[in-house]
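The values are calculated or read from the model by the stated rules, or taken from the named source; none is laboratory data. Being a predicted model, the structure only gives us computed values, none of them experimental. Glycine gets a Cβ as well: all are built from the backbone with ideal geometry, and neighbour counts include every protein chain shown.
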Amino acid sequence: MISSTPPFNDGPTGKTEVNKEPPFQTIRVQIEKAGYQIMGQFKPHIWCANHKAYGNVVIKLASTRLQKLQLKQEAEFLTRHQSNHWVPILEYEHYSGVDWAVLPQIDGINLGYFSRKHKLSNKLIRSIERGLLSLHQYGYIHGDINPSNIMVSAEDRAMLIDFGGTMKLNAPYPKYVAGNPKYSRFTHVIADDQYPTIERDWFSLAVTLASCTGSHPFGGNEIDTVIKKGMQPQMTNIPSRYQMILLSGIKART
Ligand SMILES: Nc1ncnc2c1ncn2[C@@H]1O[C@H](COP(=O)(O)OP(=O)(O)O)[C@@H](O)[C@H]1O
Ligand SMILES: [Mg+2]
């Protein structure tokens, strides 16, 4: 069973006050006018709300150029590609220099929080894999697989979130590559590979699963540093195919 107390489904770090800093305070009024009752926040730029027609939703706000770029990318991807492994986008709006996207709220907790109290079952791992496969079949990689971008709902069902870093397979790397450096390689992969490959996501998933079943396999170091220093992973009890993926992912390509 998953103990979730929406809307603060991120556990103890959930705050009861939404960010009151400008420009978000102006936006709050605007969002309320659009029929949303703000209930709280997961992060300063990720609010949860209720809407009469949509029910519980998550509102992602973007105020900087980079945030907007990522949010637009996420919205565009979600508009074009639907699957039961992720939620569709409900609305995309902008007002007074802030963009926001509305998504259905997934009833669950992210894998990072989930793994603090629960073991990762094979069923859950398979569910995450099916989500990634579905995404890859659309010709994209997620680009930012890490414990906070996978949601776990009842009966060990996984949903992927945060599509701001998706990249097209067989297309050159975009100028800006998103991702968490502790879960994905950057300089190395960009210098050596012309195109993003699905191995990038599988490697990030291997680091994610290892982190969620014990500790970060490279002691919390960034993957680029790991490769540079030739560090070896601390193997946890992840399935052996993921141990292989971890090892091959840090091989320097010459
Ligand atoms: N659709 C959703 N349903 C439920 N919780 C969500 C949803 N989207 C995001 N969250 C929560 O907010 C956190 C951050 O969301 P994310 O989209 O990854 O934002 P960021 O771009 O800041 O990484 C997630 O780890 C999750 O706890
Ligand atoms: Mg995220």
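Is there a residue in the stretch 54-77 that is under 22 Å from Val177 (Cα atoms), among the aromatic types (Phe, Trp, Tyr) and crowded, with 16+ Cβ neighbours inside 10 Å?
Scanning the stretch 54-77 turns up at least one residue that is under 22 Å from Val177 (Cα atoms), among the aromatic types (Phe, Trp, Tyr) and crowded, with 16+ Cβ neighbours inside 10 Å.
Quick check on His45: is it of a type outside the set (Phe, Trp, Tyr) and modelled with pLDDT under 95?
Answer is yes for this residue.
Kindly provide the set of residues from the stretch 46-71 that are over 14 Å from Gly97 (Cα atoms) and not in a strand (DSSP E or B), ordered by number.
Lys52, Ala53, Tyr54, Gln70
Which pairs turn up if I take residues in the stretch 60-73 that are more than 12 Å from Gly164 (Cα to Cα) and look for partners that are small (Gly, Ala, Ser) with beta carbon separation below 8 Å, at least 6 apart in sequence or on another chain?
Pairs found: Ser63/Gly97.
Take the stretch 77-105 and flag every residue that is within 16 Å of ligand 2 (Cβ to nearest atom), among the aliphatic types (A, V, I, L, M) and assigned to a loop (DSSP other than H, G, I, E, B).
Val87, Ile89
In the stretch 212-254, how many are under 23 Å from Ile150 (Cβ atoms) and in a helix (DSSP H, G or I)?
15
Let me confirm something: among Asn149, Asn122, which residue is crowded, with 22+ Cβ neighbours inside 10 Å and either closer than 30 Å to Gln194 by Cβ or more than 16 Å from ligand 2 (Cβ to nearest atom) (or both)?
Asn149
Can you find a residue that is within 16 Å of ligand 2 (Cβ to nearest atom), among the polar types (S, T, N, Q), in contact (Cβ under 8 Å) with a residue 24 or more places away in the chain and crowded, with 17+ Cβ neighbours inside 10 Å anywhere in the stretch 127-136? Walk me through it before giving the result.
Kept after step one, since they are within 16 Å of ligand 2 (Cβ to nearest atom), are these residues of the stretch 127-136: 128, 131-132, 135.
Pick out the ones that are also among the polar types (S, T, N, Q) and you get none.
No, because not a single residue in the stretch 127-136 is within 16 Å of ligand 2 (Cβ to nearest atom), among the polar types (S, T, N, Q), in contact (Cβ under 8 Å) with a residue 24 or more places away in the chain and crowded, with 17+ Cβ neighbours inside 10 Å.
Restricting attention to the stretch 156-200, report how many residues are among the acidic types (Asp, Glu) and at pLDDT below 90.
Qualifying residue count for the region: 2.
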